[in-house]
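> Would you mind keeping the following structure in view while I ask a few things?
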Amino acid sequence: MTSAPVDDATWTIAEIADEFGVTHRTVRHYEELGLISPERRGTSRIYHRRDRTRLALILRGKRLGFPLEEIRTIIDLYDTPRGKASQLRYVLAQIDERRADLEQRRRDLEDALVELDAFETRCRADLDRLP
């Protein structure tokens, strides 16, 4: 008895949602937007490796703060031949913009932490002075 090739692997909506820690509704939403396109067998959705990869990319893009339309453009590049200079420049520009935004957020968070530390120090000092 031989096992099926890895490329023939499929997942149900429950399996793919559980694997990525999202709801079935989230997976269906990405399907409605055309970001993933599982095979339909009656009322069942069958997800193939391409869908799984695209879902991973969607969720990574969301974690990084990319809007869904930007995520669509970027993941659609996986379906086109590699090496087109205009596509690569587009992705690199999106990465640069996102990096700049994240670096600014990091600076803002660091500033907020410094302010919180100073406020905490003042509050503890005030507390220590109380009878």
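The values are calculated or read from the model by the stated rules, or taken from the named source; none is laboratory data. Owing to the predicted nature of the structure, the values given are computational and were not obtained by experimental measurement. Cβ placement follows ideal geometry from the backbone for every residue including glycine, while neighbour counts extend to all protein chains displayed. The accessibility values were calculated without ligands, DNA or RNA, using every heavy atom of the protein model including side chains. Shrake-Rupley method; radii C 1.70, N 1.55, O 1.52, S 1.80 Å.
> Counting only C-alpha contacts under 8 Å and six or more residues apart, can you give the relative contact order of the chain as a whole percent? Before the final figure, lay out each step's value.
Details: 65 pairs, mean separation 21.1, N = 131.
Reported as a whole number, the value is 16 percent.
> Would you mind working out the accessible area per residue for the stretch 13-61, using a 1.4 Å probe, and quoting it in Å²?
Details: 2730 Å² over 49 residues.
Heavy-atom accessible area per residue stands at 56 Å².
> Once the convex hull of the C-alpha atoms of the chain is built, how many Å³ does it hold per residue, rounded to a whole number? Intermediate results must be reported in sequence, preceding the final value.
Values: hull volume 26.3 nm³, N = 131.
Spread over its residues, the Cα hull of the chain gives 200 Å³ apiece.
> How much accessible surface area, in Å² rounded to 10, belongs to the heavy atoms of H48 with a 1.4 Å probe?
Surface open to solvent at H48 totals about 60 Å².
> Fully extended, how many nm does the chain gain between Y90 and R63 (0.36 nm per residue separation, minus their Cα-Cα distance)?
On the way: separation 27, 0.36 × 27 = 9.72 nm, distance 1.97 nm.
Length gained, Y90 through R63: 7.8 nm.
> Of the options L109, T12, H29, report the single residue whose Cα projects farthest towards the positive end of the charge dipole of the chain (beta-carbon charges: Lys, Arg +1; Asp, Glu -1).
T12
> Here's a follow-up. Among D51, D18, D101, D8, what's the order by accessible area (1.4 angstrom probe), most exposed first?
From most accessible down to least: D18, D8, D101, D51.
> Can you give the local net charge around E39? Use residues other than it whose beta-carbon is closer than 13 angstrom to its beta-carbon, Lys and Arg +1, Asp and Glu -1.
Details: positive: R40, R41, R45, R49, R50, R52; negative: D8, E31, D51.
That sum, taken over residues with Cβ under 13 Å, equals +3.
> Please identify every one of the trypsin sites (Lys or Arg not before Pro) in the stretch 81-129 that sits in a loop by DSSP and has no more than 11 other beta carbons within 10 Å of its own beta carbon.
Values: sites: R82, K84, R89, R98, R99, R105, R106, R107, R122, R124, R129; in loops: R82, K84.
Here the trypsin sites (Lys or Arg not before Pro) that fit, given the DSSP loop and packing criteria, are R82, K84.
> Need the full-extension length gain, A100 to A9, defined as separation in residues times 0.36 nm minus the C-alpha distance. One decimal, nm.
Details: separation 91, 0.36 × 91 = 32.76 nm, distance 3.83 nm.
Full extension from A100 to A9 adds 28.9 nm.
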